[in-house]
1. Show the residue pairs meeting these rules: Cβ distance below 9 Å; 6+ apart or different chains; first residue within the range 181-196 and within 15 Å of G127 (Cβ to Cβ); second residue among the β-branched types (V, I, T).
2. Which of the residues that make up the range 138-157 are free of Cβ contacts under 8 Å to residues at least 40 places away in the same chain and either closer than 23 Å to Y90 by Cα or not in a helix (DSSP H, G or I) (or both)?
3. Please verify whether A185 is within 15 Å of D108 (Cβ to Cβ), more than 15 Å from the chain's Cα centre (by Cα) and outside any loop (DSSP other than H, G, I, E, B), treating the condition exactly as stated.
4. Say whether the condition of being free of Cβ contacts under 8 Å to residues at least 24 places away in the same chain, among the hydrophobic types (A, V, I, L, M, F, W, C), touching a helix residue (DSSP H, G or I) at 6+ places or on another chain (Cβ under 6 Å) and within 30 Å of G68 (Cβ to Cβ) is met by at least one residue in the range 2-18.
5. Filter the range 104-113 for residues that are surrounded by fewer than 20 Cβ atoms within 10 Å (Cβ to Cβ), in a helix (DSSP H, G or I) and either under 17 Å from the mean Cα position of the chain (by Cα) or among the acidic types (D, E) (or both) and give the result.
6. Applying the selection to the range 151-178, what residues are more than 29 Å from V27 (Cβ to Cβ) and not hydrophobic (A, V, I, L, M, F, W, C)?
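The values are calculated or read from the model by the stated rules, or taken from the named source; none is laboratory data. Keep in mind that this is a model prediction, so the values were computed, not measured. Every residue, glycine as well, gets a Cβ built from its backbone with ideal geometry; the counts of neighbours run over all protein chains shown.
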Amino acid sequence: MADVVTVDGVARWIHAFREEVDSKATVLTELDSAIGDGDHGVNMRRGMDAADDALRAAVAGGEVAAIGPAFQKVAMTLVSTVGGASGPLYGTMFLRMATGLGSAVDLDGQGVTDAFARGLEGLRARGKALAGDKTMIDALTPAVDAMRSQVLAGGTLAAALAAAGAAANDGRDATIPMLARKGRASYLGERSIGHQDPGATSMALLIETAARTLGA
């Protein structure tokens, strides 16, 4: 694995996430049926199919040659194609990840960490959720923390992403005993306890695929 993320790496990441969402759409929908509207898998599949197609076409056609515009392309496609809360939330995340990148064509470990941290702040601002509220924040927060710790310790990009993937999975699992305080699941009160959050599940898939593909 290279120690920088490139535009081609971002494209591979988005394609890999699309494939994960396609294969896990039924699981995501089942999780969402228990505590939400039951459409998370369907919405994420539609959005990622569109985002992957749009980004690959933009890269191949020379429309996108830098990382910031690549994130923006994904963001705008998700916002325009994903129903429910997922589109605006994931769209906000990718838009914030693009902030300040300008014409950068690659990012090192610190740059990748900073991008994910901006994405996390965007999600917090948009969804008004914090760690412990039983949302996708619960997977992304520990992922960013783990990534930052690895980078500060002088770890490679590969090590930082691997740590983020593991932390995201732990964060996903930690939502099971939580009481939902945000989103549709919060309407269920204590009945939300004992269910894995679908948003945290899709977010963990996003981070896992980043660990497998970014910087390759």
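1. Hits for this filter: R181/T135; K182/T135; K182/I137; G183/I35; G183/T135; R184/I35; A185/I35; A185/T135.
2. T141, P142, V144, D145, A146, M147, R148, A153, G154
3. no
4. Checking the range 2-18: not a single residue is free of Cβ contacts under 8 Å to residues at least 24 places away in the same chain, among the hydrophobic types (A, V, I, L, M, F, W, C), touching a helix residue (DSSP H, G or I) at 6+ places or on another chain (Cβ under 6 Å) and within 30 Å of G68 (Cβ to Cβ).
5. G111
6. G154, G155, T156
So that you can scan it fast, the table gives a plain yes or no per residue for (1) touching an Asp or Glu at 6+ places or on another chain (Cβ under 9 Å); (2) at pLDDT 95 or above:
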site: L152; (1), (2): no, yes
site: G155; (1), (2): no, no
site: A158; (1), (2): yes, no
site: D170; (1), (2): no, yes
site: L188; (1), (2): no, no
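For (1) part of a helix (DSSP H, G or I); (2) under 16 Å from I35 (Cβ atoms); (3) touching a strand residue (DSSP E or B) at 6+ places or on another chain (Cβ under 6 Å), each residue gets a yes or a no:
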residue: G102; (1), (2), (3): no, no, no
residue: A115; (1), (2), (3): yes, no, no
residue: G122; (1), (2), (3): yes, no, no
residue: A162; (1), (2), (3): yes, no, no
residue: G165; (1), (2), (3): yes, no, no
residue: P177; (1), (2), (3): no, yes, no
residue: I207; (1), (2), (3): yes, no, no
